[in-house]
Amino acid sequence: MLQMSRQRLGTEELASLAGVQQRNFTVKEAQSAKEVFMCSSFDPVVPIIMWDDQTISDGRPGPVTLSLRSMLLKNMDPKHGTSNHIQVPYA
C-alpha cells in the first residue's frame, strides 16, 4: 500500500506519509500512536480511534489514514482507477 500511495498521491498528501513505517509493533506503541488503521479486502482502510477503551490520539481519523482510504477507494472505482479494472457482466 505504501508503494502504491507514493505513486498515486499528490504532493501534499505525500508529505503526510513522511516517517510512516510498516513494521511489527507492540500494543503499547499502537495505543500511543498518532494514527492507527487496519486494512482488509472488505473495507480497504479502517481508522481505529479507540483500543480497549483508550482513545487513539484525539479520537479522530488522521490525515494519513484519510489519504490512504481516499486513494484506495478511488482506485477501486473503474472511473478513476487504473486500467486493471475489468467489467464483468453478471446479468
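The values are calculated or read from the model by the stated rules, or taken from the named source; none is laboratory data. Values in this document were obtained by computation on a predicted structure and should not be read as measured data. Neighbour counts are summed over all protein chains in view; Cβ atoms, including those assigned to glycine, are modelled from backbone coordinates with ideal geometry.
Structure summary
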read-out: Restricting the stretch 21-48 to residues that are outside any helix (DSSP H, G or I) and farther than 22 Å from S5 by Cα, the residue that is modelled with the lowest pLDDT; value: S32
read-out: R8 being among the charged types (D, E, K, R), modelled with pLDDT under 90 and out of contact with any Ser or Thr (no Cβ under 8 Å at 6 or more places or on another chain); value: yes
read-out: Close pairs (7 angstrom Cβ cut-off, 6 or more residues apart or separate chains): modelled with pLDDT under 75 in the stretch 73-85, outside any loop (DSSP other than H, G, I, E, B) anywhere; value: H80/K74; G81/K74; G81/N75; T82/N75
